[in-house]
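Read the structure below first, then the notes.
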Amino acid sequence: MKPVHIAFEQPDSSAWRRRLLGHGRGSLGIVAALALAASLAALALVSWQTSELESALGEARHALAAMQARPGKPPARAQPAVGPVAARERDAWNDLVRQLNTPWPTLLDTLEERASPDVALVAIEPDARSGNVRIQAEAKSLGALLDYANGLATAPGVKTVRLLRHETHEQDPARPLRLSIEARFGAARSER
């Protein structure tokens, strides 16, 4: 067997400088130098932030120890200021929540289910604050309006129906009757 001779390349002290600065095989050296510089800058920033946070934590621990060492009652927590503007804003937000929580699909489905060819709905006005809905309906006869109101009162999801007023439109040649109803909608009634 013949011995194999392996020739190792002699280290050149300037070879790594050429490659790092881009004088070697391509511009990979410049990218490596920039990455090294960015890494060192990030390391310096993280070290500075860590020392600042440790300093703030030390001050907070010192203040806590001083408060615990004092005899007496602990300091009162600051209460949020609720002034007239904040109360108005809170009421406005509550009104908005009530309006959004109005069971619109149930309300409209119930009104549609109880519809009659003899009765025309003129207006639907929800009052989110009271939870009521004011309904105005027109018909040629008072009997048709009262039947509509009774049908609405027995509908599931309707808690109460109250007749507010009725009137006849004298200006209209057909002289229709108009009935104002106030209904309170809620959870569906349980069947027993």
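Can you tell me how much longer the chain between residue 6 and residue 56 gets when fully stretched, taken as 0.36 nm per residue apart minus their C-alpha distance, in nm with one decimal?
Numbers: separation 50, 0.36 × 50 = 18.00 nm, distance 6.13 nm.
Going from the current span to full extension adds 11.9 nm.
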> residue 65 to residue 33: extension gain in nm, 0.36 nm per residue of separation minus the Cα-Cα distance?
Replying inline: 6.7 nm
> Sorting 185, 8 on the 10 Å Cβ count, fewest up front, what's the list?
Replying inline: 8, 185
> Once fully extended, how much extra length lies between residue 102 and residue 164, figured as 0.36 nm per residue of separation less the alpha-carbon to alpha-carbon distance?
Replying inline: 20.2 nm
>> Counting other beta carbons within 10 Å of each residue's own, what order do 160, 106 fall into, fewest first?
In response: 160, 106
>> Less than 15 Å Cβ to Cβ from residue 46, Lys/Arg counted +1 and Asp/Glu -1: what total charge do the surrounding residues give?
In response: -2
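Sort 57, 177 by Cβ crowding within 10 Å, fewest neighbours at the top.
Sorted ascending by nearby Cβ count, the order is 57, 177.
Each value in this text was obtained by applying a stated rule to the coordinates, not by laboratory testing. Worth saying up front: this structure is predicted, and the values here are computed from it rather than measured. Cβ sites come from the backbone with ideal geometry, for glycine too, and all protein chains shown count toward neighbours.
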